Amino acid sequence: MSESQFRDLGDAVSDESYPDIDLALRRGRHIDQQDGPWYAYLLDAVAFLEPFYRRFGAELVHVNDGYFYLLPTSDRLGKRHLSVPEMLVGQTLALLYLDPLTVQEGGSVTRDEVLGHLASVMGSEALIRALHSKKKRVDERVAQEAVRQKVHDALRRLSTLGFVELLNGEQLKLRPALLRFAESVRGADSPAEALAKLVAKGEAVLGDGEAGEADSDAESPEGAAQDAEE
Amino acid sequence: MSEKLTVGTADPARLLAELVERKVSLELSTLDLGFVALLAARALQAGLASFTEAQLTDAFELTCQTMDPSLDNLKLRATHAIRRLREQRMLVRVDGAGVVRAGEFALSRLASAIVEFFLEEEVLTRESLTLLTRSLLGSLSEILQAAEVADSDDSWRIGVTAPLRVTVNELISGIERRQRGLDVQQEEFQREMSKLLEVDWFNAIDRCQTLLDSTAKTLRELNEILLRDTHLLLSILADVSDVALQRSRPDVEAVTRRVMEQIDRIAAWGSARQRAWSEYYEYVHRYLRDIVRLDPSRALTQRLRSQLSEHAARPFALTVAAAPPLRLLRSVLPPEPPLPVRRPKREKEEEDDLPAEATKDPLGELEAQVTELLLQGVNDLAELTARVTADLPLSEQFLAAGRVAHFVARLARPPVNSRRPWVPVNSGLVIEEWRLKKANVGHE
C-alpha cells in the first residue's frame, strides 16, 4: 500500500483542496473518481480525516464502488433525508446505471429516458399518485406536468449531491454513488433485513423522508387552479 | 452564373441560400443504393469508365432480383431509377450524342463517395497512417525545396501552391476519411459491447475486455504516430511559410496556413479520441468489475426494480449530510445616505423693493378688475382674460385665467348650451370662449 503524501492531520487540512472538499462533503456531496483531484485527495487523506470527522458526529464512508460521502451519526453536523421524488428518481437512475444498454453511451442517459423508465416500472397512475397525491380529482394534463416538474427538480437536487451529473441539454451522466440506492437489495439478506441494517447504521430511515421543494401543490399555479375548480 | 462556393470559405448564410435556390435534395432508397453499389463494383472489377443504357438496365434488374424478387415491370422501374439518379446527380451522361443514340453514363463523385462511405471501410490503422504521413512528409519536403528556388509566378504556382492545394489536400483528406471510419468503428465496438452484455452478461466479460484492450492499443499507437509526425509536418510547413513571407507571397502564406490548420485538426482528433476512449475504458472496467462480476445472475436489477415498484407501500429514504452553509461576513462599506429632497429656493426680494400694493389682497384686486370690466360691458371671456392678464408674466397668466373664469361664472351667467370655441389669449394661452348674455354684478 502506497504511503500517503500527508504526515498528519495538519498536513491534510493545510492542503489547498481541503476547504472545498470539506464544504462539499458537509453539504451531502458524494465524491467519486470522476471528481479527479478531489477523489485522489480523499484516498490519500482518508486515514487522517476519518477520526477527524468522527469528532463532529459523522463518518467518512468510502465505498468499494469508488466513492466517498459523509454520513452524519448524530445531530451535530446537520443531516436530511431524501424526499419521495428524489428516492424514486434515484432508484430509477440506479436501474439505468445497471442496465447494459447504457454501456453503449458510456453511462449517459437522457431525461426522457429517466421519465420513461420510471413510468414503465411504477406505472403512470402509481407515479402520479406518488408525486401528486394531494388532490382527489386530478386533471391528467396538470398532473403529468407536475410529475415532470418534480422529476426535473429531483434530478437537480440529486446532481448537487453527486449522484448524477447534468450535461448539456437533455443528457445526464450517471455516477457510481447511485449504487447507494441499491444497497438494500445487494446482499444475501432479504430486502427487509438489509433495510433494517441500513436504518440501524443511520444510512436510511423508514417512511417518506423530507417534503421536497415542490411537494406542496397549493403553492403551484396548477394547484391553485385545482383549488378553484374544486 | 453564380460564383462557386466552397464550404471552408463561404459565408454560411450564403451557402444555405445557394442550396435553397438550387433546390438541392437527396433521396435514395435501399434499392437505389444497392443499384449504385453494384455499378461501382462492376466499374472497378471490369475496369469500366462508363455504362451503356443496356448495362444500366441489366444491373438494375440484377439488383431487384437480389434485393426484392417480388418486384415486376423491371424495365420500367429501371427507367425510373436511372432518371431519379440522374436528377440527383448520382449518374451523369458522359457522351455528347444527345438524341442521336442512347447515351453512356458514369457514376458521379457524389455516388462514389456514398458507396465508399457505406461499403468501403477505410479505417485508420497504424500502417495506413504511417504510409499517409510519410507521403505527406515527402510531398512537403519537395514543396519546400521548390519554394526555396522559385523565382516566378509560374514556378510558385506549379511547384508550391498547386501541390499544396491538390496533392497535400488529397493526402490529408485521406487521413480524415480514415479517422471518420475509425470513429464509426468505435461506435460499432460500443454497440457490440452493450449487446454482448445484454445477451451474455457474465459470460461476456472476457470478450468485452478484449475489445476494450485492442481498441485502446490501436488508439494509443495512432496517437503516438500522429503526435510525432504532425510535429514534423508543421515544422516543414512553417519553413515554407517563412520562405513565402521573405519572398512576399501572401497567397502561398494563406494556402500554407490552411494546410497547417488541417494538420492541427488531425492532431487534435487523436488527442480527443484518446481522452474520450480512456474515459469510456475506465467506465466499462468499473461496470464489469463492480456490477457484472459481483452480480453474475443479474438478480440485483430485478430486486431493485421490485423495490422501486413497491416504494409507495414500503417507503424509505437515504440519509445525507446537510450542514447549513457557513455565514461568511463580508466587509461591506455602508452606502452613502441619499441626498435630502430639496427644491431650489427663489431668491428673496429685498423688502425695500416690494411695491406697496404687495401687501394688499391679490385675489380681491383680481375680482375688482373683473367686476369693473363686466360693468364696462366687456362680455367676452377671452377679452376679459386678455385685459386682466396683459401685465402679468407668462408663468402667472394661466393661474390668473382660471381665477378670472371663476369670478365671471360667479358674477355673470355664462351660456350653457352655446358652442364654446377655443380661442387664443395673449401669447401662449388658449381658453374656451364664453359669450356672456347678462352681467349680474354684485349678485351670486
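Points to keep in mind about this one:
- Helix A:37-54 and the long axis of chain A differ in direction by around 80°, with both axes built from C-alpha atoms.
- Over all pairs of different C-alpha atoms, segment A:2-90 has a mean inverse distance whose reciprocal, the Kirkwood radius, equals 13.8 Å.
- Cα-based helix-to-principal-axis angle, A:191-201 vs chain A, degrees rounded to 10: 50
- 15 Å Cα-Cα reach of B:LYS195 towards aspartates and glutamates, excluding residues that sit fewer than 8 places from it in its own chain: A:ASP99, A:GLU105, B:GLU187, B:ASP206
- Whole-Å distance, taken between Cα centres, linking segment A:1-63 and segment B:174-238: 36
- Helical segments meeting 27 Å axial Cα length and Kyte-Doolittle -0.5 threshold in chain B (DSSP H): B:126-149, B:205-246
- Bridgeable aspartates and glutamates around B:LYS75 (alpha carbons under 18 Å apart, same-chain partners fewer than 8 residues away excluded): B:ASP32, B:GLU53, B:ASP58, B:GLU61, B:GLU104.
- Only aspartates and glutamates eight or more places from A:LYS79 in sequence, or on another chain, were considered; those with a Cα closer than 19 Å are A:ASP20, A:ASP22, A:GLU50, A:GLU59, A:GLU203, A:ASP208, A:GLU210, A:GLU213.
- Globularity ratio of segment A:1-156, using Cα Rg and 2.2 N^0.38 Å: 1.32
- Calculated [θ] (222 nm, deg cm²/dmol) that DSSP helices of n ≥ 4 give over chain A, each run adding -39,500 (n - 2.57): -14500 deg cm²/dmol
- Mean shadow area of segment A:78-201, taken as a quarter of the surface of its Cα convex hull (nm²): 9.2
- Ranked by how many other Cβ atoms sit within 10 Å of their own Cβ, fewest first, the residues A:LEU178, B:LEU15, A:LEU195, A:LEU167 fall in the order A:LEU167, B:LEU15, A:LEU195, A:LEU178.
- Residue exposure sequence - A:ARG55, B:ARG330, B:ARG413 - by fewest surrounding Cβ within 10 Å: B:ARG330, A:ARG55, B:ARG413
- Global dimensions of the protein assembly as shown from alpha-carbon coordinates: Rg and Dmax equal 43.2, 127 Å.
- Cα extents for segment B:230-311 along the principal axes, largest to smallest and rounded to whole angstrom: 79, 24, 12.
- Counting every alpha-carbon pair across chain B, the share separated by more than 38 Å comes to 64%.
- Once you divide the Cα radius of gyration of segment B:159-309 by 2.2 N^0.38 Å, the number left is 1.55.
- Ranking of A:SER83, B:SER306 by neighbouring Cβ atoms within 10 Å, starting from the fewest: B:SER306, A:SER83.
We did not get these values from a lab; they are worked out from the coordinates using the rules stated. Computed from a prediction, not measured in an experiment: that's the story for all the values here. Reconstructed Cβ throughout: ideal geometry from the backbone, glycine too, with neighbour counts over all protein chains shown.
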